[in-house]
Amino acid sequence: MNTPTGMSRRHFMQHMAGASALAVPALTMGHTLNVNAQDLKKRRKSAILLWMGGGPSTMDIWDLKPGAVTGGPFKQIGTSGDAQISEHMPLMAKQMHNMAIVRSMSTREADHNRGRYYMHTGFVPNPSVEHPSYGAVLSHELITQRPELDIPPFVAVGGGSVGPGFLGMAWAPFTVSSTGQIRNLDMGLDDRRLMQRMAALDLIEKGFVAQNRGSAAEDHQKILRKTLNLMTSEQMEAFKVASEPEAVKERYGATNFGRGCLMARRLVEAGVPFIEVGLGGWDNHANIHATLADTKLPELDQGMSALLEDLGQRGLLEDTAIIWMGEFSRTPRINGNAGRDHWARAWSVVVGGAGINGGITVGATNEDGTRVATDPYTSQDVMASVCKALGISLETTFTSRSGRPMKIANGGKVIKELFS
């Protein structure tokens, strides 16, 4: 089974090797595609996945059941759309005209690892194949819109995502902290010492190439240059959220998730096609309502609402799909520890941007939240809908390393209510 994948130094070099081997002119600085750059920028699409690790209780956030025994203590509030949501999400209530709540999600994977894999890929875990995640697939399909991109096309902020599977390391998540630190790549070197070491290594590489030692030396030199280009690119400034005005940082919140959402906006502006921002801590088997009210929902509310507001004000939301989800939800029944347990049978995902109809709810659960009352939707249906929003053909087919053809989104169906 595929496990959450970060970016070690070894993986970083493999990542750069894969990127260098793609042989796509759009990935090489100095090449043009005979397409007007402004036209490309106008139509380039992006996606941001807000990943709620641990399984958030959507019944306490997006689909409340006031008056039901299972409902919990939270009250509903009105929004700028048609939905009512938790009283602890007042800032998001003002942004719900941009988002749609899919309330009839029904999946089978109520184990953390299996659910994480399934919701990230659209496939259940299979020991014979590693499937590519959302980030790998969407960045793979959207990269040709970005001839100027130096930095990786799939960035995971605040936690490792699921990996690239059979698509290869060129499409692996490039993992950074919410402060912009690249995981496992902080060598403690200042710029001068780094450049000295890179220059020395480049001199050695040139010596190997001059001795005609085969293609391996030339390939390694290409990787070195690609790595140097990335580390010295002006696009790396997108990771430096500390440079934002204080008022902007305050709006997003002084939390890892808030800074991650701010970085996501900066990365979209820089041209990165897929960004995942992680917010963990949702595995609330005990004291769930106090935890949600005091910490989790205020943090989510501030960061997510600021991201939507900021993208909208900058004209970026119309081309950026937003996906909010975890691996599953929590049980309608409140357990003896005042918590909720794992529940994949009936729950919610929230999507918006990129032409998706906002301000609506799709599907429904029954009066106590124990089952889906309308057509159930799956991970692959959400992914198919996001692909449609981003202009990616659902006829796209990949070939696994074993030669097996695999359709994008695992053949999921578009959720028609999300589109006019």
Can you tell me which residues in region 67-90 are among the hydroxyl-bearing types (Ser, Thr, Tyr) and either at pLDDT below 95 or within 29 Å of the chain's Cα centre (by Cα) (or both)? 79, 80, 86
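Go over the candidates 385, 393, 348, 402 one by one and state the one that is free of Cβ contacts under 8 Å to residues at least 60 places away in the same chain and either assigned to a strand (DSSP E or B) or touching a strand residue (DSSP E or B) at 6+ places or on another chain (Cβ under 9 Å) (or both).
The conditions single out 385.
Looking at 159, 180, which is the one that is at pLDDT below 95, buried (at least 21 other Cβ atoms within 10 Å of the Cβ), on the phi > 0 side of the Ramachandran plot and not in a helix (DSSP H, G or I)?
Numbers: 180 fails: buried (at least 21 other Cβ atoms within 10 Å of the Cβ).
Step by step, each of 159, 180 is checked, and only 159 is at pLDDT below 95, buried (at least 21 other Cβ atoms within 10 Å of the Cβ), on the phi > 0 side of the Ramachandran plot and not in a helix (DSSP H, G or I).
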Picking from 71, 81, which residue would you name as being small (Gly, Ala, Ser), farther than 22 Å from residue 51 by Cβ and in contact with a Lys or Arg (Cβ under 6 Å, 6 or more places away or on another chain)? 71
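Please work out which residue is farthest from residue 92 (Cα to Cα), limiting yourself to region 291-324 and to residues that are assigned to a helix (DSSP H, G or I) and free of Cβ contacts under 8 Å to residues at least 12 places away in the same chain.
So the first thing to find is which residues in region 291-324 are assigned to a helix (DSSP H, G or I), and the list is 291-313, 317-319.
Within this subset, residues satisfying the condition of being free of Cβ contacts under 8 Å to residues at least 12 places away in the same chain are 291, 294, 313.
On the way: 291: 19, 294: 16, 313: 15 Å.
That would be 291.
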Answer with yes or no whether residue 167 is more than 29 Å from residue 325 (Cα to Cα) and either in contact with a helix residue (DSSP H, G or I) (Cβ under 7 Å, 6 or more places away or on another chain) or at pLDDT below 90 (or both). no
The number of residues in region 99-154 that are crowded, with 23+ Cβ neighbours inside 10 Å, without any contact (Cβ under 8 Å) to a residue 60 or more places away in the chain and of a type in the set (Val, Ile, Thr) is 0
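Among the candidates 328, 274, which residue alone is surrounded by 19 or more Cβ atoms within 10 Å (Cβ to Cβ) and within 27 Å of residue 45 (Cβ to Cβ)? Even if it seems obvious, please write down each step before you answer.
Working: 328 fails: within 27 Å of residue 45 (Cβ to Cβ).
Every option except 274 fails the conditions.
Test of understanding: among 295, 320, which residue is buried (at least 22 other Cβ atoms within 10 Å of the Cβ) and of a type in the set (Ser, Thr, Tyr)?
Working: 295 fails: buried (at least 22 other Cβ atoms within 10 Å of the Cβ).
When all the criteria are applied, what remains is 320.
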Going through region 123-139 one residue at a time, which ones are under 14 Å from the mean Cα position of the chain (by Cα) and not in a loop (DSSP other than H, G, I, E, B)? 134, 135, 136, 137, 138, 139
Would a scan of region 209-216 turn up a residue that is hydroxyl-bearing (Ser, Thr, Tyr), modelled with pLDDT of 70 or more and either assigned to a helix (DSSP H, G or I) or within 27 Å of residue 327 (Cβ to Cβ) (or both)? no
Could you go through region 37-47 and let me know if any residue there is closer than 21 Å to residue 328 by Cα, surrounded by 15 or more Cβ atoms within 10 Å (Cβ to Cβ), modelled with pLDDT of 95 or more and within 20 Å of the chain's Cα centre (by Cα). yes
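The values are calculated or read from the model by the stated rules, or taken from the named source; none is laboratory data. Just so you know, these numbers come straight off a predicted model, no measurement behind them. Positions of Cβ are generated from backbone atoms using ideal geometry, with glycine treated the same way; all protein chains shown enter the neighbour counts.
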